[in-house]
Amino acid sequence: MKRWIAILALVSMSAIAWADEKSPKQEATDRLQKSGEVLTAIANAPDKGVPDEVLNGAKCIAVVPNLVKAGFVFGGKHGRGVATCKTPAGGWSAPAFFTISGGSWGAQIGVEGVDLVMMIMNDQGMQHLMQNKFQIGGEASAAAGPVGRHASADTDWKAGTEMLTYSRSKGLFAGIELGGSWVSRDAEPMDVLYGNNSTSTEVLSGKVPTPSAAEPFLAEVRKVEARAQAKEAKK
């Protein structure tokens, strides 16, 4: 019986895979564009967006457009995203590309696409993001992020949590739990844009020039940051 359940799980996950006819560079460019759109939508959602305090305090921002969750008894999730971190010079780094994958247990059937944003809130979380591979909830602490224009004073989002996670599904915004998920360097777009063997550490620490294809994404990051700072200044 367990063997058949495992087979069904593999079949359900294979349903989300398809042949991508785009070139690696075009896929990377499209991912950057979609990530900028997702960040803007989640950050600026009326009354239910990412709080300004969280945006202003984030060390890094990671976005996964269309994280796919699929399951039949066993569940799984897989997505490909981009991340950028604040540099010592005060700007935002060139974006690093990563994949996120993981499993879950529960009675679930079907496939669902979820847009995901991860706010990395401290130096320890930034160091984990710069690794080639780490596990959320294992090596790196994470929690569903608070929503609303301002983070409630009675929440513990500042209490040492490395990452705050947000999702958008069918127009609804909420925090999301990602415990057990693995985040890994996405080699193909990294090599295409930055050269073979480029590391997430080099890119996210600001040591690598930003390619022109990434400028629209970083422009959205700066807009979201500036808007949050302006709102905070008016308090």
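The values are calculated or read from the model by the stated rules, or taken from the named source; none is laboratory data. Every value quoted in this text rests on a predicted model; they were computed, and no experiment measured them. When we count neighbours, we look across all protein chains shown, and the Cβ atoms used for this are built from the backbone with ideal geometry, even at glycine.
Exactly one residue out of K235, K223 is loosely packed, with under 15 Cβ neighbours inside 10 Å, modelled with pLDDT under 95 and not small (G, A, S): that is K235. Looking only at residues that are surrounded by 18 or more Cβ atoms within 10 Å (Cβ to Cβ) and not aromatic (F, W, Y) in region 186-197, which one is farthest from V208 (Cα to Cα)? Looking at the filtered set, the residue picked out is D186. Tell me, which residue of region 1-43 that is part of a helix (DSSP H, G or I), hydroxyl-bearing (S, T, Y) and modelled with pLDDT of 50 or more is surrounded by the fewest Cβ atoms within 10 Å (Cβ to Cβ)? Per the criteria, the residue is T40.
Scanning region 200-220 for residues that are over 18 Å from the mean Cα position of the chain (by Cα), in contact (Cβ under 8 Å) with a residue 12 or more places away in the chain and surrounded by 15 or more Cβ atoms within 10 Å (Cβ to Cβ), which turns out farthest from L39 (Cα to Cα)? Checking each candidate, the answer is V208. Evaluated against (1) modelled with pLDDT of 70 or more; (2) assigned to a loop (DSSP other than H, G, I, E, B); (3) closer than 27 Å to A45 by Cα; (4) touching a Gly at 6+ places or on another chain (Cβ under 9 Å), A151 falls short on exactly one condition, (1).
Across region 206-213, not a single residue is classified as modelled with pLDDT under 90 and not in a loop (DSSP other than H, G, I, E, B).
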